[in-house]
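Below you'll find the structure, written out as structure tokens, and then a few comments.
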Ligand code: ADP
Ligand code: MG
């Protein structure tokens, strides 16, 4: 129990996305400067090179604009005030104001440009990812959590914004600021400049040290916090509470809670203190630096080597040196976390679709509808955590299946759960490809056909039909984009669903789907049948629902099915006796193999598995 909790608590840490420094550090952990990844990441910026050049100039301008005021101040003091020349004072004061306005405007331009680049690159990545995901097979989605993919397309891509603003722009502007500041310092007085630079380590090193210590503390706090959250949500939930009581675990749970509680308390006190120490040190140093400047600078002024204005200018320049240096010292964290994010994005982009498109296009409505499987073997690719060891034996979902389905024939696939019925059905529209063996449609190898033309020949009624959150009309038009209202109604009438739809609040314009109007299981099935009728394919694939239906609905579905099957080749995963009895051929499957093919009468009382299924599973119709 404890181990599981730690595991889950750990899993909760893997945050990503925008700005949070701590999360960025977590991501950067164990990451390295992976040049191929960085180069590939930068390629996406190539189309925006003009913007990039412009933004570089803008950054240069802001960096220079940042040090100009120090120089202007020096002029006011040394050339104006010191020499009692009011006109000079006024001139440089105006210059100060103008500089402030100009840098303000330029910084807006910088924000606009860098966001323009970031948002464009993000949009490009989102599009590329989405397009890539559309090309993936159905089993690709089956082996992944939808939430994870969504997060890749949204969060990970959003983090690109961070790459541009923090990493690239931040790096450049800090670097240029430091260069401009140093240039200004050394051109004013090299001795004072050397003094200012000598003080640098006193600033940067403690900030880095303490920063790291704080991050480590924060990581620990986060860990204990999520441990506590997990315990809380588990022990305060009904099922967890039940488990704790039945095993008399109250005392142990309390001890565990007491531990996380105490740890959190101590860690947070330490974190508060460590921050305080840093502030004290920095506060001290930010006074010591100028103090040294005033001391040594004062000596220089007294000996007429510099004007007083130089010292004043230096004290303002000092902060423009330490701030950027500190940020520059941390830029590696954002580079590394960007590398980690891009690594994830690229890993997704590099997964080749399992099904490759063929190049022979068959004209619509030109097939006879013969389906032939020859020695077909299939195993699901192992992905992610479920990855099997190299030497593990292959788990075949289909083993050496050979089968011919003639045009117009209705074939029922029966067998216990896990026999491979769904797997077999999915091979026909090439949701996956056979690992070994061949599938033929009218004698043509399905792998040679384009996916679009192959799939346009077949209609699918899945076990649990899905409808997009959209109107009935638009869901029906998925099958035939130019369908007229009359055609849709005819299809719905044939599928025994017209009356139900007509009675909905907005009739055919009612929004259905996940968050829309809730259709019942039987209604969804019939609407799916209507959709296939509208599509009017030569081949129908159907995965019959296992849930029991009442007599009326059952009859409606049987009538809808009768229309659907007419004049088409049909492969159905059958669970109902009425469906099975209607079929021309029954294929009995077990553990990935076809163990018998025949009619109901030839199989019942002759094939033991079929007989057992008949007696126990096929619902006896009223
Ligand atoms: P049926 O439809 O007859 O119940 P399936 O075709 O769904 O059987 O499954 C056949 C075998 O393939 C089962 O052992 C099942 O565990 C396995 N299987 C099904 N889908 C997947 C998948 N997406 N990934 C890995 N194995 C799968
Ligand atoms: Mg199934």
Q.
Kindly evaluate residue 533 against the criterion of being touching a strand residue (DSSP E or B) at 6+ places or on another chain (Cβ under 7 Å), under 25 Å from residue 456 (Cβ atoms) and part of a helix (DSSP H, G or I).
A. no
Q) Filtering the range 137-154 down to residues that are surrounded by 13 or more Cβ atoms within 10 Å (Cβ to Cβ) and not in a helix (DSSP H, G or I), which residue is nearest to the chain's Cα centre (by Cα)? A) 144
Q | Only one of 184, 127 that is over 35 Å from the mean Cα position of the chain (by Cα), part of a helix (DSSP H, G or I) and at pLDDT 90 or above | A | 184
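Taking residue 5 as the residue in question, decide whether it is farther than 26 Å from residue 112 by Cβ and either surrounded by fewer than 15 Cβ atoms within 10 Å (Cβ to Cβ) or at pLDDT 90 or above (or both).
no
Within the range 343-360, how many residues are without any contact (Cβ under 8 Å) to a residue 12 or more places away in the chain and either in contact with a helix residue (DSSP H, G or I) (Cβ under 6 Å, 6 or more places away or on another chain) or more than 20 Å from residue 427 (Cβ to Cβ) (or both)? If you could, list the steps in order and put the result at the bottom.
Initially, the range 343-360 is screened for residues without any contact (Cβ under 8 Å) to a residue 12 or more places away in the chain, giving 347, 350, 352.
Next cut, either in contact with a helix residue (DSSP H, G or I) (Cβ under 6 Å, 6 or more places away or on another chain) or more than 20 Å from residue 427 (Cβ to Cβ) (or both) only: 347, 350.
Residues in the range 343-360 being without any contact (Cβ under 8 Å) to a residue 12 or more places away in the chain and either in contact with a helix residue (DSSP H, G or I) (Cβ under 6 Å, 6 or more places away or on another chain) or more than 20 Å from residue 427 (Cβ to Cβ) (or both): 2 in total.
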Q | In the range 222-267, the residues that are closer than 30 Å to residue 203 by Cβ and at pLDDT 90 or above | A | 266, 267
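Restricting to the range 499-526, name every residue that is over 36 Å from the mean Cα position of the chain (by Cα) and either over 15 Å from residue 552 (Cα atoms) or in contact (Cβ under 8 Å) with a residue 12 or more places away in the chain (or both).
Residues of the range 499-526 that are over 36 Å from the mean Cα position of the chain (by Cα), as a first pass: 499-505, 507.
Answer for the range 499-526, where residues must be over 36 Å from the mean Cα position of the chain (by Cα) and either over 15 Å from residue 552 (Cα atoms) or in contact (Cβ under 8 Å) with a residue 12 or more places away in the chain (or both): 500, 501, 502, 503, 504, 505, 507.
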Q.
I'd like to verify a number: residues in the range 355-378 that are part of a loop (DSSP other than H, G, I, E, B) and either at pLDDT 95 or above or buried (at least 16 other Cβ atoms within 10 Å of the Cβ) (or both), how many?
A. 6
Q) Among the residues of the range 514-544 satisfying the criterion of being closer than 13 Å to residue 467 by Cβ and surrounded by fewer than 18 Cβ atoms within 10 Å (Cβ to Cβ), which is farthest from ligand 1 (Cβ to nearest atom)? A) 517
Q: Go through the residues of the range 537-544 one by one and say whether even a single one is closer than 20 Å to residue 488 by Cβ and modelled with pLDDT of 90 or more.
A: yes
Q: Mind listing just one residue for me: the one in the range 389-435 that is more than 13 Å from ligand 2 (Cβ to nearest atom) and exposed (fewer than 14 other Cβ atoms within 10 Å of the Cβ) and, of those, farthest from the chain's Cα centre (by Cα)?
A: 402
Q) In the range 551-575, how many residues are touching a helix residue (DSSP H, G or I) at 6+ places or on another chain (Cβ under 8 Å) and more than 18 Å from residue 409 (Cα to Cα)? A) 4
(Q) Let me confirm something: among 117, 97, 90, 101, which residue is part of a helix (DSSP H, G or I), out of contact with any strand residue (DSSP E or B) (no Cβ under 9 Å at 6 or more places or on another chain) and crowded, with 19+ Cβ neighbours inside 10 Å? (A) 117
Q | Odd one out for residue 398, checked against (1) over 28 Å from residue 545 (Cα atoms); (2) within 11 Å of ligand 1 (Cβ to nearest atom); (3) at pLDDT 90 or above | A | (1)
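The values are calculated or read from the model by the stated rules, or taken from the named source; none is laboratory data. Quick caveat, the model's predicted, so the values are computed rather than measured. Positions of Cβ are backbone-derived with ideal geometry, glycine not excepted, and every protein chain shown enters the neighbour counts.
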